[in-house]
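As structure tokens, the structure follows; a few thoughts come after it.
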Amino acid sequence: MFPHVMILDDDVCFARSAGELAKVEGFQPHLVHTVSAARDAVRRQSMDLMLLDLELPDGSGLDLLSEIDLADHGQLAIITGNPSIETAASAVSAPIADYLIKPLDPKQLITILRKASHLSSPRTGTHSLPGVIANSEIMRAPLHLVSRVAPSEASIFLEGETGTGKEVFARAIHELSGRKGRFVAMNCGAMPAELLASQLFGHERGSFTGAVQRHAGVFEQAAHGTLFLDEVSEMPSDLQVYLLRVLETGSIRRVGADEEIQTPVRVIAASNRDPMEAIAEGRLREDLYYRLADFTISLPPLRSRGDDVVLLARHFIEQLNERYGLRKHLCPSSLQRLRAYAWPGNVRELRSAVQRAYLLSSGEQISLALGRGRAAPPVETDDTITFTIGTPWAELERRTLLKVLAYCAGDKTAAAKTLGVSVRTVHNHLARSRAEEMAGERRRKA
Amino acid sequence: MTDVETGQRQWLHDVNNAVNTIGVTVSVINHLMARGEFDHAKELAAELEAVCDRCRKLLRQPSGESG
């Protein structure tokens, strides 16, 4: 799924270092040092980007242009140490995206790679969304669905644990939708119920105590754009009824107003509760949910997104490096901690942890202390046993014995020694445990 | 083009390539270090020393003399 770049340069060292830079930017590099080798490479593989040197032992990189079908490939760029008016003119007449002169600024090369990578996305079948950092398998389905439905008028309901990036996704949907209006976000759970109607639909001057001037609600603010309503199941039931009417009619009435106003808005709703459970509990109206959810997109928790956690941490560090003009990086042991931690607060918790560690680290290496003093959920290993408060004593004994036996590879004498009991005690406990299991089996069958 | 001009052109080409490699390799090393990939960064730093050596030799050599 990596985009491919061909680097044609007779300087082996430069080609290799440019190849390394391409790898860092997520490309699969193909290094070639002659026009003839380049011909073979482009026949074998469709390239997303070709970086062409002009003076080569057997010709010029420009020779390739007349020999290959450019429609099969992506961008072209010239990198030359001997610029001339003739070659620049040839480049202008050909579909060349950039003409770089050696020695070049690596930032120029990075820009070209990123541009080509972005353009290559549709051809390679991957889906990237503005502002969304994801490379894991589990994120493919939501990314794919968003890229398909964003340009349509379909309503989208985002569900996922707190901090999984629902607002980031909503913003990406808005950007891909091509809608001209603003993106406005509102958390229905963070607003006192008595103010919610006014914040959503606006109010007229004097419509209630304190309404000293007319106020446009978020629906009006997002006209022709997108309104993101987070924690929609926290909205009072009577407002849910009115919201459904607004969605059906496309018009709102400010609090205290006589007239309705047409407000073409796309609403994206979200909840960190399972919507079906919220409906069953009477927190979310079923009719409203189905109006809001032509498509329901589930955002997975960070703990199930594999190495996305590392990708995101590096992204946050790069943002901080850019802001503070520094070059800090994660220490290797932090990478292991990132992967092992459960991230109950998901991406929001990760961003906060990275920022905290970034600001507290004095050197260039960042060491992450996770959980802000809170113990990470215990993970049982081969030589540890974890119990939660409330586990019955008999169960504690049974699990301890089985775990120690497994640790001692089934050797009952060694297990007895480890536990500080007699071998007879181990045998008795195992016999009792087996008898209880068989009784349980019989009960299940009955 | 005279031999001297050809030599100068080749010398400039070689210096350009060496400086180019140094710039790009330093950028790669910075990225690798930011990712915590220190072993790979060290490998490239060793290659970088070799390119610097090549550059040093080129700069000691008068630009008209190819070689």
Margin query: Can you compute the modelled spin-label distance between A:Ala414 and A:Arg434, with each label point 7 Å from Cα toward Cβ, in nm?
Written below: 2.1 nm
Note to self: Under 23 Å between alpha carbons, and skipping anything fewer than 8 positions from A:Lys23 in its own chain: which lysines qualify?
What the structure shows: A:Lys102, A:Lys107, A:Lys115, A:Lys328, B:Lys42
Notebook entry, point to check: For A:Thr226, A:Thr425, what's the largest-to-smallest order of accessible area, 1.4 Å probe?
Noted result: A:Thr425, A:Thr226
Next item on the list: Leaving ligands, DNA and RNA out of it, report the carbon-plus-sulfur percent of the accessible area of the range A:210-349 at a 1.4 Å probe.
Entry: 48 percent
Next item on the list: Mind telling me which of A:Ala37, A:Ala15, A:Ala134 comes out most flexible in a GNM of chain A, alpha-carbon contacts under 10 Å?
Entry: A:Ala37
Checklist line | 222 nm mean residue ellipticity, helices alone, for chain A (DSSP H n ≥ 4; -39,500 (n - 2.57); rounded to 500) | finding: -14000 deg cm²/dmol
Next item on the list: Quick one: P(r) of chain B from all Cα-Cα pairs, 5 Å bins, percents rounded to integers, in order of increasing distance.
Entry: 4, 18, 22, 17, 13, 10, 8, 5, 3, 1, 0
Margin query: Could you check the spin-label model distance between B:Ala50 and B:Thr2? Points 7 Å from the Cα along Cα→Cβ, value in nm.
Written below: 3.7 nm
Next item on the list: Enter the Cα centre distance for the pair the range A:422-444 and the range A:284-327, rounded to the nearest angstrom.
Entry: 48 Å
Checklist line | Cα-based convex hull volume of the range A:175-330 per residue, rounded to whole Å³ | finding: 171 Å³
Checklist line | Per residue, in Å², the accessible surface of the protein assembly as shown once ligands and nucleic acids are set aside, probe 1.4 Å | finding: 53 Å²
Check: In chain A, which longest range has no chymotrypsin sites (Phe, Trp or Tyr not before Pro) that are both DSSP loop (not H, G, I, E or B) and surrounded by at most 13 other Cβ atoms within 10 Å?
Finding: A:1-207
Check: Hey, if you drop one equal point scatterer on each alpha-carbon of the protein assembly as shown and run the Debye formula without solvent, what base-10 log of I(q)/I(0) do you get at q = 0.10, 0.11 Å⁻¹?
Finding: -0.99, -1.07
Checklist line | the range A:144-281: antiparallel DSSP beta bridges as a percent of all, rounded to 5 | finding: 20 percent
Note to self: Per residue of the range A:38-54, what does 6.51 cos²θ - 1.76 cosθ + 1.60 with θ = phi - 60° give for ³J(HN,Hα)? Whole Hz please, x for Gly and Pro, Karplus curve as stated.
What the structure shows: 5, 4, 4, 4, 6, 6, 7, 9, 6, 9, 7, 8, 10, 9, 10, 7, 9
Margin query: Less than 12 Å Cβ to Cβ from A:Ala278, Lys/Arg counted +1 and Asp/Glu -1: what total charge do the surrounding residues give?
Written below: -4
Notebook entry, point to check: Quick one: how many Å² of A:Arg327 are accessible to a 1.4 Å probe, rounded to 10?
Noted result: 140 Å²
Checklist line | Accessible surface buried upon B-A contact (total; probe 1.4 Å; Å², nearest 100) | finding: 2400 Å²
Checklist line | Expected 222 nm ellipticity per residue - DSSP helices of 4 or more, -39500 (n - 2.57), all of chain B, to 500 | finding: -29500 deg cm²/dmol
Checklist line | Inter-chain shielding of A:20-27 (mean C-beta neighbours from other protein chains, 10 Å cut-off) | finding: 4
Notebook entry, point to check: Can you list residues whose amide H is under 5 Å from A:Gly74's amide H, if they're 5+ apart or on another chain and H is modeled 1.01 Å from N?
Noted result: A:Met47, A:Asp48, A:Leu49
Notebook entry, point to check: How big is the gap, in Å, between the Cα center of the range A:162-237 and the Cα center of the range A:17-93?
Noted result: 50 Å
Checklist line | Volume of the Cα convex hull of the range A:103-214, divided per residue and given in Å³ | finding: 191 Å³
Notebook entry, point to check: When you look at the Cβ of every residue in B:31-42, what mean number of other chain Cβ atoms sits within 10 Å?
Noted result: 5
Next item on the list: May I ask you to derive the FRET efficiency for A:Ala211 and A:Ala342 from their Cβ-Cβ distance with R0 = 60 Å, giving the value to the nearest 0.05?
Entry: 0.85
Check: Which order do A:Ile85, A:Ile173, B:Ile22 take when ranked by solvent-accessible area (1.4 Å probe, heavy atoms of all protein chains), largest first?
Finding: A:Ile85, B:Ile22, A:Ile173
Check: So how do A:Leu326, A:Leu54 rank on accessible area, 1.4 Å probe, biggest first, that is with the largest at the start?
Finding: A:Leu326, A:Leu54
Margin query: Starting from a Cα-only point model with no solvent, please compute log10 I(q)/I(0) by Debye for the range A:176-247 at q = 0.21 1/Å.
Written below: -0.97
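The values are calculated or read from the model by the stated rules, or taken from the named source; none is laboratory data. None of these values were measured; they are calculated from a predicted model. Reconstructed Cβ throughout: ideal geometry from the backbone, glycine too, with neighbour counts over all protein chains shown. Quick note on the areas: whole protein, heavy atoms, side chains included, nothing else; ligands and nucleic acids left out. Shrake-Rupley method; radii C 1.70, N 1.55, O 1.52, S 1.80 Å.
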